[in-house]
Amino acid sequence: MADRIQFRQDTAANWNHVNPVLLKGEIGYIEDSINQFKMGDGIHKFSELPLYGFDGVQITLENLSDQVKEYILANAGGAGSDIVNYPDGEDTAAREVAGVETIGFADREYTATPAYNGMGYVYLRKQISNNDNILVQTMMNKINTIYEIRYVHNLLGRTIIVPTGCVLLFKGGGLVNGTLEGQNTKIVAINDNCIGVTLTGTWSNSQIDSNWIITE
């Protein structure tokens, strides 16, 4: 059996009352503060050591140093002004959700040139209709694109034609109730039980993993 190591731990009040000198590299956990600890250097008392970890509290303007507050206030237009976070246009993009502009993962358009751009990338987002999350052809209409499937989408008995040269990347989601026509399409599945549709057309997989198929 492997050796087990238990670090010293106590409440913040007890640590500060005893105020020991921890050995160099010795860890002292603070029980009543989430994921916080101090590491000894063999010289300084506990109260003099820097605090490591995260206490889970929300960071407000009052928690920041004077220099950081001055920078924020100068660039945000003064106290009470909004601080605007802009998407980088590559990995993040502005999206409107329920009338509110938010920042989310960005899709990436496929372009043949320059070659280093690689394939396109599309997150298949929720499309709720009559309390069901559906998939329609307009959601899957770009060639040479990786479609990330995070939710279970209902094809409503329809046939969806996958554009040429695409990859269907199942990451927790699935496709059910319909027909999927591939055009040299590749399936990559992180999760099992993701395919509940009839597969037609051409697929670049040498075989379809039986664990991917949703069975009744």
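Spatially, the stretch 82-155 and the stretch 5-37 are offset by 46 Å when compared through their Cα centroids.
Looking at the P(r) of the stretch 92-212, how many percent of alpha-carbon pairs lie beyond 24 Å? Don't jump to the answer; show the numbers that get you there.
Working: 1924 of 7260 pairs.
Distances greater than 24 Å cover 27 percent of the Cα pairs.
Return the calculated 222 nm mean residue ellipticity for the chain, to the nearest 500 deg cm²/dmol, obtained by summing -39500 (n - 2.57) across DSSP H runs with n ≥ 4 and dividing by the residue count.
Details: 2 runs with 18 residues, N = 216.
Value at 222 nm, helices only: -2500 deg cm²/dmol.
I need the Kirkwood Rh of the stretch 8-53: take the reciprocal of the average 1/r across all distinct C-alpha pairs and report it in angstrom. If you can, show how the numbers build up before the last one.
Numbers: mean 1/r = 0.0985 Å⁻¹.
For the stretch 8-53, inverting the mean 1/r across all distinct Cα pairs yields 10.1 Å.
Sites count as exposed loop sites when they are chymotrypsin sites (Phe, Trp or Tyr not before Pro), lie in a DSSP loop, and have at most 10 other Cβ atoms within 10 angstrom; the longest stretch of the chain without one is 55-216. Straight Cα distances below 30 angstrom link LYS45 to the lysines LYS24, with same-chain residues fewer than 8 positions distant left out.
Can you check what the net charge comes to around TYR147, using other residues whose Cβ is under 15 Å from the Cβ of TYR147 (Lys, Arg +1; Asp, Glu -1)?
That works out to +3.
Rounded to the nearest 0.05, what FRET efficiency do SER47 and GLN67 have when you use their Cβ-Cβ distance and R0 = 30 Å?
Details: r = 25 Å, r/R0 = 0.84.
According to the calculation, E is roughly 0.75.
Annotation note: GluC sites (Glu not before Pro) in the stretch 85-138 located in DSSP loop regions with a Cβ neighbour count of at most 11 within 10 Å are GLU90, GLU109. Projected label points at ALA112 and ASN184, each 7 Å from Cα along the beta carbon direction, are separated by 1.3 nanometres.
Among the lysines, which fall within straight-line cross-link reach of LYS142, defined as a Cα-Cα distance under 28 Å, with same-chain neighbours fewer than 8 residues apart omitted? Excluding near neighbours in sequence, the set is LYS126, LYS171, LYS186.
What relative contact order, as a whole-number percentage, does the chain give when Cα pairs under 8 Å and 6 or more residues apart are counted? Intermediate results must be reported in sequence, preceding the final value.
On the way: 408 pairs, mean separation 18.6, N = 216.
About 9 percent, as a whole number.
Put simply, the convex hull of the Cα atoms in the chain casts, on average, a shadow of 22.1 nm². Exposed loop sites were defined as trypsin sites (Lys or Arg not before Pro) in DSSP loop states (anything but H, G, I, E or B) carrying at most 11 other C-beta atoms within 10 Å; in the chain the longest segment without such a site runs 25-125. The H on the amide N of LEU22, modeled in the peptide plane, is under 5 Å from the matching H of ASP41, GLY42, PHE46, each at least 5 residues off or on a different chain.
Only the coordinates and a few stated rules stand behind these numbers; no lab work does. Since this is a predicted model, take the numbers as computed values, not measurements. Positions of Cβ are generated from backbone atoms using ideal geometry, with glycine treated the same way; all protein chains shown enter the neighbour counts.
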